[in-house]
Amino acid sequence: MIEYRIMTMDDYSEAYDLWIICGNGLNDKDDSPEGIEKYLKRNPSTSFVATCDGKVVGVILCGHDGRRGIIQHACVSPDYRRLGIGNKLVELALEALKKEGINKVLLVAFKKNEGGNAFWEAQGFTLREDLNYRNKALTEMVRIDPDYVKE
Ligand SMILES: CC(C)(COP(=O)(O)OP(=O)(O)OC[C@H]1O[C@@H](n2cnc3c(N)ncnc32)[C@H](O)[C@@H]1OP(=O)(O)O)[C@@H](O)C(=O)NCCC(=O)NCCS
């Protein structure tokens with residue numbers, strides 16, 4: 001049976017392994033134990049894990065800045081896909097954001113991630129063709145996901 005609960009630092013190691021397997025974009029700062037601890041401290045009630053027999057099989061990292069919600073690192077173990085686990089994790093994260101008074105939520109997905117984009121489409125996340133996504137690093141961060149290729 002799949003169970004769902006709020007993510008804590010006790011889940012870090014298993015969640016990290018899953019992010020590596022699932023190809024979520026990771027870097028050495030934000031995804032270190034210190035980085036995730038900082039995130040969960042700031043957003044203690046909006047990130048979730050799915051477990052099966054006590055093993056973490058799905059994760060969603062979700063938080064907000066007081067105005068917009070943001071979802072990152074959503075993943076489900078390859079052996080447990082297309083069972084509605086991703087759908088349930090999103091539902092829990094969105095409910096938790098609503099409880100925090102958040103009105104809109106955003107996420108980014110690599111264009112080449114066809115499965116991921118189809119999933120977000122199914123979750124009702126519309127594509128914004130009118131925006132350019134921009135960012136700027138404030139410290140040096142190193143990508144650590146094994147399959148990452150800079151384009
Ligand atoms: C994306 C991901 C989290 C989906 O998890 P999941 O538990 O398999 O998703 P669900 O079973 O809840 O799927 C819900 C719906 O999303 C759509 N969907 C999910 N995966 C899909 C895929 N690979 N291709 C097309 N549609 C997909 C379907 O409409 C599905 O409903 P259906 O199974 O009744 O057809 C999972 O495939 C994953 O971990 N992928 C790798 C990491 C990733 O890409 N994360 C997103 C980063 S932006």
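Just one of Gly66, Gly35, Gly84 is surrounded by fewer than 18 Cβ atoms within 10 Å (Cβ to Cβ), modelled with pLDDT of 95 or more and touching a Lys or Arg at 6+ places or on another chain (Cβ under 6 Å); which is it?
Gly35
Kindly evaluate Ile71 against the criterion of being within 16 Å of Tyr4 (Cβ to Cβ), touching a residue at least 12 places away in the same chain (Cβ under 8 Å) and crowded, with 23+ Cβ neighbours inside 10 Å.
Yes: the conditions hold for Ile71.
Give me a count of the residues in segment 110-135 that are exposed (fewer than 10 other Cβ atoms within 10 Å of the Cβ) and acidic (Asp, Glu).
Residues flagged as exposed (fewer than 10 other Cβ atoms within 10 Å of the Cβ) and acidic (Asp, Glu) within segment 110-135 amount to 2.
Within segment 121-134, is there a residue that is small (Gly, Ala, Ser), under 17 Å from the mean Cα position of the chain (by Cα) and not in a loop (DSSP other than H, G, I, E, B)?
Looking for residues that are small (Gly, Ala, Ser), under 17 Å from the mean Cα position of the chain (by Cα) and not in a loop (DSSP other than H, G, I, E, B), one finds at least one in segment 121-134, hence yes.
Per-residue answers, yes or no, for (1) within 12 Å of the ligand (Cβ to nearest atom); (2) among the hydrophobic types (A, V, I, L, M, F, W, C):
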{"site": "Gly63", "(1), (2)": "no, no"}
{"site": "Ile70", "(1), (2)": "yes, yes"}
{"site": "Tyr80", "(1), (2)": "yes, no"}
{"site": "Gly84", "(1), (2)": "yes, no"}
{"site": "Leu89", "(1), (2)": "yes, yes"}
{"site": "Leu97", "(1), (2)": "no, yes"}
{"site": "Phe110", "(1), (2)": "yes, yes"}
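The values are calculated or read from the model by the stated rules, or taken from the named source; none is laboratory data. What you see is a predicted model, and the numbers here were worked out from it, not measured in a lab. For neighbour counting, all protein chains shown are included, and Cβ atoms are generated from backbone atoms with ideal geometry for every residue, glycine included.
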